[in-house]
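Single-structure report; data block below.
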Amino acid sequence: MTEQRNGGGTPLMQQYREIKARHQAAILFFRMGDFYEMFFDDAELGARVLGITLTSRGDGVPLAGVPVKAAADYLRQLVAAGHRVAICEQVEDPRLAKGIVRREVVETVTPGALLQDGWVAGGRNNWIVALAAARATVGLAAVDLSTGEFALETLDEATLEEALTRLAPAEIVVPGGVELRAMPAADGALRTEREQWEFDPALAREEIGRRFALASLDGLGLEPGDDAAVGAAGALLRYLVELQPSGLSHLARPSVRRSGAHLWLDEMTRRNLELVEPLRAGARGTTLLETIDATVTPMGARLLRQWVLSPLSDAGEIERRLDAVDVLVQDARARARIREALDGVRDLERLGGRAAAGRATPRELGALRDSFHRLPDVLEGLTSLAGRTRSDLLGALERDFDLLGDLGARLDAGLEDRLPAAVADGGVIRAGFDAELDELRALRDGGRQYIATLQGRERERTGIPSLKVGFNKVFGYFLEVTHAHAARVPADYERRQTLAGAERYVTPELKEYEAKVLGAEERMATREAALFEGLRSDVGRAVARVQRAAAVLARLDVWASLADRAASCRYVRPAVGDGFGLRLRASRHPVIERLMPRENFIPNDAHFDAAERVLLVTGPNMAGKSTILRQIGLCVVLAQIGSFVPAEAAEIGVVDRLFTRVGASDNLARGQSTFMVEMSETSAILHNATARSLVLLDEIGRGTSTYDGVAIAWAVTEHLHDRVGCKTMFATHYHELMQLPERLAHARNYNVAVREAGDTVVFLHRLEPGGTDRSYGIHVAQLAGLPAAVVRRAREVLLTLEGEHRVVPGAPARPADPEQLDLLGHAAASHPLLERIRELDLDSLTPIEALVRLAELQKEARG
């Protein structure tokens, strides 16, 4: 039927208002024939965001629409702009409807709830997270709707920020009116508020038990302290059911993540080490993930990213992963065979999920079928691995391997080799799969063959050489005769249409065959759609098996990838244990060495133990201090994800928390200066580091005056040495700190070596024992191309500063030379403060007391 589109009070608009009232927070895509229409405020917003024409109905109601065939692109734009869109479909055939066509919202698309193919990157998850606060903890539930992954975690507010930056959720669901301190960590995520009662743990237990057919949740590994996480899971499930009314059959049982089993990497460390995102937006090839990722499946790529963001902290589990990688390193032939077989496997997790949700297209089912065909080759490669018995993880993969042969055979029997994009295009179901469909096809093809020969027979019968058979959607099949031959038209021809130069006719015989052909095509399309839906449902019912198979393939892909990188990049297996020590011999930066000729990279040793746990590193800019700090951190991350490391030898005492503070930047959006950011990050380290942590610091205190900076750096180092007792490497320009090893029993001085040649220096990029009292800043400025006159004047100023103002805590003050010129070239006048400085007995002062006295003198000098 044809619906009336004018009149704000029509039955159609009444239907629209009723549906919109239930989805006020979303833009409503209201299906009307071949268009999705938006009305009222939705139309104005949609037209503005999408850049489409805003018009109005006859009654003045604002209207904007997009074609159904192009709707995906418009949807993507709206969701990317942070909007949610409710898709309201016609759920009955307009030809059969009595009155207004029935419509229902079949899906609400949000940034966190995406099932559409190609909308999210294959190598990363798209998390929607729910948070529930308890007295001392925060419960977190996370779902990737595209893969079906479901995770629970119990945190405190101090660790919530780490979790949010690790997951990088696209959407966060929280109780209305609740504010959490770590929420800024999820800036950019769509925030959705729900009623507080939805986060009740008791209701959530019932919901989870009912959905996953569990009599008790004990089997999930939940503990009494996980109530907040359970409550968050219940609220998230209710919300997802609203977004996906068709069901969540592909959702896996929730797994519980314990933060104590993983290396804690805060946002600062992930950013500084460039684990998965580059420091400079748009830079390519600069992250650890890009460097080590040789995975060939989307599932493997996502899993490797998860491992890099969340390494292990259990030495036994790390060793088990290393065993698996080691076996694959040793057997290059089997590794190549496995990787070649995996290379044709598509995204089983997401394709299986789309099939379970009734979204998979013919080509996507075909991709699943073709992927299943490759599994026997993968299994043969796995079983052929020499020494696989040394890896219980590889043995478990072999035991858990599901070839999915029954599904593959079913899809192979039912689907054509070459498939169309949509079922409506036809040609989806293979001949011989269904007798009824084959019969309809024969009927259609026979009718078409008859019609194809009709033109020649009618020309011969009528003697009209220009007679032709045609077809259009309005009149169906017809015989067309020009007016010049009108006298020859037989009596059994029935006029159907008059044109300017011809007449179109039908015959009883043609109408009969037309009915057979068109009727067969319509029934054939219906039957083919039903058969395809049956195949899709077969996959949907087996989605749990598909997901388990995907998980097995993902792990195998990651281990084979790590083994491939280890073999090609000369990585070695680290010895991982629970001891305190950390030793790297000839370690390299995994990213930098791939960006430069390998022979040009200078490897370095690093050594920490209970006797030498604080290393103070001095050296000029450009000497490589930051690179050394980062490569130590990256080697630890690699070892604790279960990877070989770029070194000649490595012994890693498992680290529980890794802090890397290298460089600083303003956070103007939050009103924080460089120094404030630096101090905030340092504070987080001092409050969260433990004796098992590794702290890598570069240039603490640069954002303030020299004396303040020295004092802060001194105190921070003392605190890490005396109070925390963790492994620490501190790169600094403050040569005053070189005196610390005289006071701190477990501190040692190191420097990054340079070689002087006249007025130039050569950076050796080699870490050596002992400190240095030269910064070579002017040499670096000269290398950077500063004008010669500026460099000369800088040398003069440096001599002045070194002569008058250099004060080292604990060292005697140098008397001022009465002939020394100040920076303006004038003779330095005597000052009462100089006399007070000369009177100080620095030998009897502690360094901190000396700094206090200096601060007093500075304050007095400034007036």
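The values are calculated or read from the model by the stated rules, or taken from the named source; none is laboratory data. Source: prediction; values computed, not measured. Cβ: placed from backbone, ideal geometry, glycine included. Neighbour counts: every protein chain shown. Protein only, heavy atoms only, side chains kept; ligands, DNA and RNA dropped before computing areas. Shrake-Rupley method; radii C 1.70, N 1.55, O 1.52, S 1.80 Å.
Size descriptor for the stretch 373-471, Kirkwood hydrodynamic radius: 18.8 Å (Cα pairs only, one decimal).
If N is the number of residues in the stretch 542-617, what value comes out of its Cα radius of gyration divided by 2.2 N^0.38 Å?
Working: Rg = 18.4 Å, N = 76, 2.2 N^0.38 = 11.4 Å.
Against the compact-globule rule of thumb, the ratio is 1.62.
Ellipticity at 222 nm from helices only: DSSP H runs of n ≥ 4 in the chain, each -39500 (n - 2.57), divided by the residue count, give -13500 deg cm²/dmol.
Extents of the stretch 361-408, largest first, come to 42, 15, 15 Å (Cα atoms, principal axes, whole angstrom).
Return one whole number: the accessible area per residue of the stretch 84-177 in Å², for a 1.4 Å probe.
For the stretch 84-177, the per-residue accessible area is 33 Å².
Straight Cα distances below 14 angstrom link Lys20 to the aspartates and glutamates Glu37, Asp41, Asp42, Glu89, Glu104, Glu107, with same-chain residues fewer than 8 positions distant left out.
For the listed residue pairs Lys468/Lys516; Lys468/Lys511; Lys69/Lys511; Lys625/Lys727; Lys98/Lys516; Lys69/Lys473, the alpha carbons are over 22 angstrom apart in Lys69/Lys511; Lys98/Lys516. In terms of Cα atoms, the Rg and Dmax of the stretch 27-87 work out to 10.6, 32 Å. Under the convention that each Lys and Arg Cβ holds +1 and each Asp and Glu Cβ holds -1, the size of the dipole of the stretch 481-528 around its Cα centre is about 120 debye. Between the Cα long axis of helix 674-688 and the first principal axis of the chain there is an angle of about 90°, rounded to the nearest 10.
Relative to the longest principal axis of the Cα atoms of the chain, the long axis of helix 40-50 makes an angle of roughly 70 degrees.
Given +1 on the Cβ of Lys and Arg, -1 on the Cβ of Asp and Glu, and no further charges, what dipole in debye does the stretch 354-471 carry about its Cα centre, rounded to the nearest 20?
600 debye
Among DSSP beta bridges whose residues both lie in the stretch 147-289, state the antiparallel percentage, nearest 5. Bridges in the stretch 147-289 are about 0 percent antiparallel.
Sorted from longest to shortest, the spans of the Cα atoms of the stretch 79-229 along the three principal axes equal 59, 38, 33 Å. Using Cα pairs closer than 8 Å and at least 6 residues apart in sequence, work out the relative contact order for the chain, in percent. It comes to 9 percent, rounded to a whole number.
The convex hull around the C-alpha trace of the chain, projected and averaged over every direction, spans 51.9 square nanometres.
Positive-end ranking of Ala484, Pro311, Val68 along the dipole of the chain, with charges on Cβ about the Cα centre, is headed by Ala484.
Which angle from 0 to 90°, rounded to the nearest 10, does the C-alpha axis of helix 435-462 make with the longest principal axis of the chain? The angle comes out at about 60 degrees. Restricting to bridges with both residues inside the chain, how much of the DSSP beta-bridge set is antiparallel, in percent to the nearest 5? Rounded to the nearest five, the antiparallel share is 60 percent.
Think of the chain as a dipole: +1 on every Lys or Arg Cβ, -1 on every Asp or Glu Cβ, centred on the Cα centre; then among Ser391, Ser643, Leu50, Leu50 lies furthest on the positive end. Extension gain, Asp41 to Ala515, is 165.9 nm, computed as 0.36 nm per intervening residue step minus the present C-alpha separation. Taking the charge dipole of the chain about its Cα centre, with +1 at Lys and Arg Cβ atoms and -1 at Asp and Glu Cβ atoms, the residue from Ala409, Gln547, Gln244 reaching farthest to the positive side is Ala409.
Placing +1 on the Cβ of every Lys and Arg and -1 on the Cβ of every Asp and Glu, with no other charges, gives the chain a dipole of roughly 2040 debye about its Cα centre. Of the solvent-accessible surface of the chain, computed with a 1.4 Å probe and all protein chains present, 51% belongs to carbon and sulfur.
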